[in-house]
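Below you'll find the structure, written out as structure tokens, and then a few comments.
The values are calculated or read from the model by the stated rules, or taken from the named source; none is laboratory data. Quick caveat, the model's predicted, so the values are computed rather than measured. Positions of Cβ are backbone-derived with ideal geometry, glycine not excepted, and every protein chain shown enters the neighbour counts.
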Amino acid sequence: MRRIAILGSTGSIGRSTLSVVESYPERFQVTALAAGRNVDAAYQQALRWKPRAICLAAKEDAEALRSRLKSVGQTSIEVLHGSAGSVRVATHPEADFVVSAIVGVAGLEATYEAVRAGKSVGLANKESLVVAGDLLTAEARKQGKPLLPIDSEHNAVHQCLRAGRREEVERIWLTASGGPFMRTPKSQFPAITVEQALNHPTWKMGKRITIDSATLMNKGFEIIEACRLFDLPPSRVQVLVHPESTIHSMVEFVDGSILAQFSVTDMRLPILYALTYPERIPSDLRFPVMNLRHLEFCPPDMEKFPCLRLAYEAAAAGGAKTIALNAADEVAVAAFLDGCIGFDAIPRVIESVISATKTGKLESIREVLGADAEARRAAGEQVERLSRSSSPIPRAASIMSHRE
Ligand SMILES: NC(=O)c1ccc[n+]([C@@H]2O[C@H](COP(=O)([O-])OP(=O)(O)OC[C@H]3O[C@@H](n4cnc5c(N)ncnc54)[C@H](OP(=O)(O)O)[C@@H]3O)[C@@H](O)[C@H]2O)c1
């Protein structure tokens, strides 16, 4: 029986994890849950899964949850709040596996503490690797525990790498759907609405990663994630646009052989892989191979999607630059979702923050969080400047869809 703690249980990955747990009651048990602000979903999950502990981000939400649970006679669940609470969930003595799926840098501390506590970690929270990959991977090595990627691309790479030794790897090919604006001319980017940007062609995900997929920043983060997880320089991690999202990624070996992993576009599969690694167990997540007709590939357009170039530059510089990349993106995406800046302004905010950030290696999570706060402040100022100077932000559908 694998006893699981889920960080970000009310989100897209968190719910998919619970769905996997539900399908295999004889294998998995929920020990602890951590969420953000969704009190209703946390309440339902507490009743359904009866975890030992549950955490919400804010104290008042935790108090509301505690009294709702008390009113139905449920007093044995420890209700926690804040970052100390999510660390308690991540390091719960009865949990042996932690699924890290809080969105953003908010997930870093609990993820790091889970690794430090010697838990096996299934990692969806890519931001942790982007901002503190060296610290996380070093700690996992020290603990002798795997960091198992749940992100579908890295999960695919992890699977392909089982076919060869690390020194036999030439490069990694990360596939990208291209997002909803692959065929939209750049001249139309300023008119892109929130609604259009949230309409991802192949995956249903949380809002931030969906916007990051539309700007290709998500792929940029994944480049850094791959460098950190698989110990490769950015020059050996390449991106290939593949709109069908059928092939989740590939590994090219030194002899020229290329191995690819493909499967249904359903996050329950990489979650199941991580939860059962190194075993594989039967599932009903079957890919209809006989229906496969057409797979398209093309190189990414770095000029149209500058976030990809910014990510390569930050990956090469490392340290503070990757922290600034993530922090500025989090602030810029939130500002876009709030209607304060346009879609085309997202890379501009990021570029200005990164170029003002000095390179430097961070030696502890505390230093990482300090650099993150500094970059957020700079990004906030940039957003304010842009929102004061820009024309009104489009709200209704205002560009033609260029997808077939
Ligand atoms: N969705 C995917 O298919 C996918 C694929 C690959 C990687 N990922 C990565 O997985 C992570 C989660 O993505 P998602 O799509 O599941 O996001 P999501 O649907 O937005 O869910 C985010 C989760 O984080 C929680 N949360 C937010 N702020 C928090 C805080 N301060 N403290 C504690 N919990 C907090 C949210 O809680 P509330 O809802 O209660 O506020 C929610 O449970 C991201 O890093 C993303 O890049 C996702």
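Numbers for the structure displayed
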read-out: Near pairs, Cβ below 7 angstrom, 6+ apart or cross-chain, from the range 83-94 (surrounded by fewer than 22 Cβ atoms within 10 Å (Cβ to Cβ) and in a helix (DSSP H, G or I)) to any residue that is modelled with pLDDT of 95 or more and not hydrophobic (A, V, I, L, M, F, W, C); value: S83/E109
read-out: Test: residue in the range 254-262 that is within 16 Å of the ligand (Cβ to nearest atom) and either modelled with pLDDT of 95 or more or crowded, with 17+ Cβ neighbours inside 10 Å (or both); value: yes
read-out: In the range 122-179, the residues that are over 18 Å from A315 (Cα atoms), under 17 Å from the mean Cα position of the chain (by Cα) and among the basic types (K, R); value: none
read-out: Some residue of the range 160-176 being crowded, with 24+ Cβ neighbours inside 10 Å, among the hydrophobic types (A, V, I, L, M, F, W, C), out of contact with any helix residue (DSSP H, G or I) (no Cβ under 6 Å at 6 or more places or on another chain) and farther than 30 Å from R348 by Cβ; value: no
read-out: Yes/no for T193 being crowded, with 21+ Cβ neighbours inside 10 Å and either within 20 Å of the chain's Cα centre (by Cα) or under 30 Å from A335 (Cα atoms) (or both); value: no
read-out: Options E170, E225; residue that is farther than 21 Å from A335 by Cα and within 12 Å of the ligand (Cβ to nearest atom); value: E225
read-out: G220, sole failed condition from (1) in contact with a Gly (Cβ under 9 Å, 6 or more places away or on another chain); (2) within 23 Å of D301 (Cβ to Cβ); (3) in contact (Cβ under 8 Å) with a residue 24 or more places away in the chain; value: (1)
read-out: Strands (runs of 3 or more DSSP E) fully within the range 1-80 counting 2 or more residues that are within 12 Å of the ligand (Cβ to nearest atom), over 19 Å from the mean Cα position of the chain (by Cα) and not assigned by TED's automatic domain parsing to the domain that holds K204; value: 53-56
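The rows are residues; the columns are (1) of a type in the set (A, V, I, L, M); (2) within 16 Å of the ligand (Cβ to nearest atom); (3) modelled with pLDDT of 95 or more; (4) on the phi > 0 side of the Ramachandran plot.
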position: I102; (1), (2), (3), (4): yes, yes, yes, no
position: L174; (1), (2), (3), (4): yes, yes, yes, no
position: M182; (1), (2), (3), (4): yes, no, no, no
position: P185; (1), (2), (3), (4): no, no, yes, no
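Okay, residues lined up against (1) more than 22 Å from the chain's Cα centre (by Cα); (2) more than 20 Å from E222 (Cβ to Cβ); (3) touching a residue at least 40 places away in the same chain (Cβ under 8 Å); (4) not assigned by TED's automatic domain parsing to the domain that holds D231:
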position: L259; (1), (2), (3), (4): yes, no, yes, no
position: P270; (1), (2), (3), (4): no, no, yes, no
position: R293; (1), (2), (3), (4): yes, yes, no, no
position: L310; (1), (2), (3), (4): no, no, yes, no
position: L325; (1), (2), (3), (4): no, no, yes, no
